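Heads up, the thing below is written out as structure tokens.
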Amino acid sequence: MSKPILLVGGTVLVHDQDDHPIPCEKDVVIEGDVITKIEEKVNVELYPDATVIDCKNKIISPGFIDTHHHLWQTQLTGRHGDDSLVDYMATGNLTAFFFTPEDIFWGQLGGALQALNGGTTTVADHAHMNYSGEHTNRATDATIASGIRSVFCYTPTPLVASWDHNGPALNWDILADWVIPYFSELSRKLKVHPLLSLGLAFDGYALVPPHITKSLFETARSLDCQIITTHYARNLLLGEPPSVVKTLYDLDLLSKDCVISHATDATQEDIAMLKEKGASVSCTPVLELQMGLGSPMVCKPELTGNTSLGCDSHSVVRGSMLDQMRAALSNGRGEQVRLLRAAGKFPMQMKPSVEDIFNLATIHGARALGMQNKIGRIDVGLKADIVIWGTTSPSMVCAAIHDPVAAIVTQAGTHDAECVIVGGNIRKNGGRLMATIGKSDSLDSVAQGVNQLSLTSHMGDGKEFEHAVEPTGIEWELVAEKLVKSRAEIESRIAETGYDAKEARTEFMAGFGFDATCLEV
Ligand SMILES: [Zn+2]
């Protein structure tokens, strides 16, 4: 078992029974992967082997919970600055075809580390890059190596069968013979790991008959999937109806384990069905506003209690929950002012509050994932998923003294997340990220080391997770070097096809149910 960790002398944000995060001057004791004490003055001498972290002038908060993200996409970062959803599909999402399993490993590791860097300790990963079992294996290897907590949502999805100068040819058979057996095997493998759990991500309602959708959901629930997640955005491109929410409701599949990503411009009927069944919406306001998905539902009074936050594609926006929190705050307050103005009023106090937003990224995220008894708050018996924030940077100084919650929500940068702890393991310290990978002497042998590590990860008997090789750390600079190399190789493979995705962006839109007639020309 790892050494205890003592967080001494900091300001701890402890949620009370009414969900208010209360700043408390207390020490925190972490033993194993859980919080075992929160006391005014812990006797350090009782823990002679402990790692003691001086938290004077620091804020100790729960880690953020990102309920919608595609962690594999790091090599695509930067190419979608002005893209709408149309170009993202052609030049981003579908280019997973050009990723080898090793490219997936580095992309996934980069995405997970970027999330940790900003204080995210749990992510619901909508993993739609499953070209083969080996691609998925390498994605889970990378997730393990990063040390993030993840609901890995396996995704049966249309895959590119071939890609030449005429463009991609898609295979619309999303449930090939190997998919369900692999999904079941993945369930068995993930059960042995303390930080990973299985989920299902599905968007193929137009591609399979309803009874197949029902069967798939039943399989997922029989495998104890933590969540079932699905994209849904109402806009002209995606047409209307059908409503994904109504489709699930009519099939009697909508339930509290469902996380609907976006639900932009959801109808009142959608909202009523979501509320009735206790399903939740993962709002990703930065991306939703940036790519034309529609009006974010975050902070809509009708959905209070049923929303959380996600980053979605860090190839498009930064994989930082701080960005999402600020966008949620601005979008929610803009909506409040718009509604009040229509009624001839001016706000007395701004809504949503910074506390509302902080809770979206913490306790409401945990509830969306059905993990509220494990994560989302700092409390005795809960998992030690914690961020230690500095309070003296140019943006945090003074603000953190006056109101720690407001300081995090309105002022903090990723550099202020000085220390990030997941399940009792320190994953960022002194501002430095660390991935835990099998022992190796050089970057070129790192991937091989991870292979050994993951083999043991996946071959356990369900009782205890053990490492085949003694884990060792690699620092971010080495991951960055590998990512740059991987990106160049992917770009080269794309260029070899001679295909201009932007020129022919609408060719395959119909297959995804996109309405090309609505496009601005
Ligand atoms: Zn998404």
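Would you confirm whether or not the stretch 78-85 contains a residue that is without any contact (Cβ under 8 Å) to a residue 60 or more places away in the chain and away from the ligand (no atom under 16 Å from the Cβ)?
Yes, some residue in the stretch 78-85 is without any contact (Cβ under 8 Å) to a residue 60 or more places away in the chain and away from the ligand (no atom under 16 Å from the Cβ).
Suppose we keep only residues that are more than 13 Å from the ligand (Cβ to nearest atom), in contact (Cβ under 8 Å) with a residue 60 or more places away in the chain and in contact with a strand residue (DSSP E or B) (Cβ under 7 Å, 6 or more places away or on another chain) within the stretch 256-284. Which one would you say is farthest from E520 (Cα to Cα)?
Only one residue fits best here, namely D257.
List pairs: first in the stretch 415-435 and over 14 Å from V28 (Cα atoms), second β-branched (V, I, T) and in a loop (DSSP other than H, G, I, E, B), Cβ under 7 Å, 6+ apart or cross-chain?
V422/I148
So which pairs qualify, if the first residue must be in the stretch 386-402 and surrounded by fewer than 22 Cβ atoms within 10 Å (Cβ to Cβ), the second must be part of a loop (DSSP other than H, G, I, E, B) and modelled with pLDDT under 95, the Cβ gap must be under 9 Å, and the two must be at least 6 apart or on different chains?
Matching pairs, first to second residue: G390/G431.
So in the stretch 184-237, with the set limited to residues that are of a type in the set (S, T, N, Q) and over 17 Å from the mean Cα position of the chain (by Cα), which one is nearest to the ligand (Cβ to nearest atom)?
N235
Answer yes if at least one residue in the stretch 144-156 is assigned to a strand (DSSP E or B) and aromatic (F, W, Y), and no otherwise.
yes
With the structure loaded, tell me whether R326 is away from the ligand (no atom under 16 Å from the Cβ), open to solvent by 20 Å² or more (accessible area, probe 1.4 Å) and within 24 Å of A112 (Cα to Cα) or whether it fails that test.
In short, yes.
Among the candidates L248, L309, L303, L287, which residue alone is crowded, with 22+ Cβ neighbours inside 10 Å and away from the ligand (no atom under 16 Å from the Cβ)?
L248
Return the total of residues in the stretch 272-299 being under 22 Å from S330 (Cβ atoms) and in a helix (DSSP H, G or I).
Selection size over the stretch 272-299: 6.
Test Q372 against the criterion of being under 30 Å from I30 (Cα atoms), in a loop (DSSP other than H, G, I, E, B) and open to solvent by 20 Å² or more (accessible area, probe 1.4 Å), and give yes or no.
yes
I'd like the residue in the stretch 115-132 that is assigned to a helix (DSSP H, G or I) and buried (at least 24 other Cβ atoms within 10 Å of the Cβ) and, out of all such residues, is farthest from the chain's Cα centre (by Cα).
Here the answer is L116.
Restricting attention to strands (runs of 3 or more DSSP E) lying wholly within the stretch 1-107, give those where 3 or more residues are closer than 24 Å to G118 by Cα and open to solvent by 10 Å² or more (accessible area, probe 1.4 Å).
5-15, 21-31, 51-54
Return the only residue of V192, V245, V259 being of a type outside the set (D, E) and part of a helix (DSSP H, G or I).
None of the other options fit; the residue is V245.
Pull up the stretch 195-242, narrow it to residues that are under 27 Å from I375 (Cβ atoms) and part of a loop (DSSP other than H, G, I, E, B), then point me to the one that is most open to solvent (accessible area, probe 1.4 Å).
Ranking the candidates gives D224 first.
Would it be correct to say that P168 is outside any helix (DSSP H, G or I) and more than 24 Å from A90 (Cβ to Cβ)?
So P168 does not fit the description; no.
The values are calculated or read from the model by the stated rules, or taken from the named source; none is laboratory data. Computed from a predicted model, the values in this text were never measured in an experiment. Virtual Cβ from ideal backbone geometry, glycine too; neighbours counted across all protein chains shown. Accessible surface areas use protein heavy atoms only, side chains included; no ligands, DNA or RNA. Shrake-Rupley method; radii C 1.70, N 1.55, O 1.52, S 1.80 Å.
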